[in-house]
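A short reminder: the numbers here are calculations on the coordinates, not readings from a lab. Since the model is a prediction, treat every value here as computed from it, not as a measurement. Note: ideal-geometry Cβ built from the backbone for every residue, glycine included; neighbour counts use all protein chains shown.
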Amino acid sequence: MLVQIPGLVDPHTHLRDLDWSHKATFASETAAAVAGGYWAIFDMPNTPPTTTSRPALERKLAALDGQAICDWGVYFGASQADNTDEYAGVAGDVCGLKIFNNATTGDLLIEDQAERERHYAAWPPSKIIAVHAEEDTVLDILALVRKFRRRTHFLHISTAREIAYLQAAKDEGLPITIGVCPHHLYLTQNDERALGPFGLMKPGLKTAADRDALWEAIASGLVDVIESDHAPHTLAEKQTQKPPYGVPGLETTLPLMLLAVREGRLSLERVVQLVAENPRRIWGLPCPSETYTLVDTDAEFTIERRRLHTACGWSPFEGMRVCGIVRETRIRGCRVFDGEQVLVSPGFGQNVFCRDA
Ligand code: DOR
Ligand code: ZN
């Protein structure tokens, strides 16, 4: 069945480029995005130079402006070297503030609660704060949400305990939303041995009970967004003694969620909410006219590296049989992907958060 889904948004990607263009580029990863069916994707600030100053932001905006194939947004990053005086000036150009509260790839990390509080107090309320917070750190961030009432999106939630904390916080009426990644839905610690470095990401893979709690929280309506946390690293880097954390996901997220529909876990309507309607609503983005993806929900395929557009050229889901083939991605009236090839030049994509857009 050919289904038309309007304006898919992935609010959680690490596109690299800039000083990490050996891993991937804005052109390569936004091509992967349209092949995966996405209209717009938002880029995280942990790629060097970190997006924590006005000049670094300008450099990223200019590069994306020239290279992006899909529409896009970028996060500004909270930095240990206090950068809060930049906040009022940059908020209009970005999709939100990202605070890394637990260790991961890159240099951004804020572990001191008083420091986190300074960032919460300074960020303009008009834009969301997206947080990497695991286990008890979720409670630390909820204390700040309670105090400052800033809209907060909890990225890549991966455990039953975190789900319980966030369910209570929603019941309390706190202004929070929740994102979950496909790798935490389809893989567990039991897959770590087979996957080796290709199963390493932050937050890491969890138990089958945690995975089941995530599926339940999706079915119950608690989870708001399915986000890829697309984080390409080269094959060579992954095969070193100390492999970096992160897995690609832009081209596998929609088929994995459509597999869940096929298996009777979720309705197609619920998937459309999670990958398109909810992220558009949370980030306040109307869907532009003639912006949609045509996907054949019955067509099956096997995830294979040779079919991928991402520069990293591998997937933790390789060999998996999924369903849902993207036949066309259309953005603002223009056919940008025809099921095989990208049809527009780098630079077609626009910043959906540009002040004068
Ligand atoms: O596994 C991860 N990789 N988790 C993150 O939070 C960052 C990402 C990256 O940038 O590689
Ligand atoms: Zn991430």
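Using a Cα-Cα cut-off of under 19 Å, which aspartates and glutamates could be cross-linked to residue 147, ignoring same-chain neighbours fewer than 8 residues away?
Hits, sequence-local ones excluded: 111, 112, 115, 117, 136, 171, 172.
Considering Cα pairs under 8 angstrom that are at least six residues apart, work out the relative contact order of segment 243-357 and quote it in whole percent. Spell out each step's value before the answer.
Working: 139 pairs, mean separation 29.8, N = 115.
So the answer I get is 26 percent.
Have a look at 236, 91, 103 and tell me which one the Gaussian network model of the chain (Cα, springs below 10 Å) gives the largest fluctuation.
It is 236.
Tell me the Kirkwood hydrodynamic radius of segment 257-337 in angstroms, computed as one over the mean inverse distance between distinct C-alpha pairs.
14.4
Where the centre of each part is set by its Cα atoms, how far does segment 95-119 sit from segment 156-173, in angstrom?
Result: 20 Å between the Cα centres.
In whole Å and largest first, what semi-axes does the C-alpha gyration tensor of segment 191-268 yield when each eigenvalue is scaled by 5 and square-rooted?
27, 14, 11
Taking Rh as the Kirkwood radius, which is the inverse of the mean 1/r over Cα pairs, what is the Rg/Rh value for the chain?
Using Cα coordinates only, the ratio equals 0.93.
Any chance you could list P(r) for segment 31-108, counting all Cα-Cα pairs in 10 angstrom bins from zero, rounded to whole %?
For segment 31-108, the pair-distance distribution reads 18, 49, 28, 5.
For an R0 of 25 angstrom, estimate the FRET efficiency from the Cβ-Cβ distance between residue 300 and residue 192 and round to the nearest 0.05.
That gives a FRET efficiency of 0.40.
³J(HN,Hα) across segment 70-79 via Karplus (A = 6.51, B = -1.76, C = 1.60, θ = phi - 60°), whole Hz, x for Gly/Pro?
The phi angles translate into 9, 6, 7, x, 10, 8, 8, x, 6, 10 Hz.
Report the Cα centroid-to-centroid distance between segment 189-226 and segment 25-84 in angstrom, as an integer.
Segment 189-226 and segment 25-84 have Cα centres separated by 26 Å.
What lysines does residue 206 reach when the alpha-carbon gap must be under 27 Å and sequence neighbours fewer than 8 apart in one chain are set aside?
23, 98, 170, 238, 242
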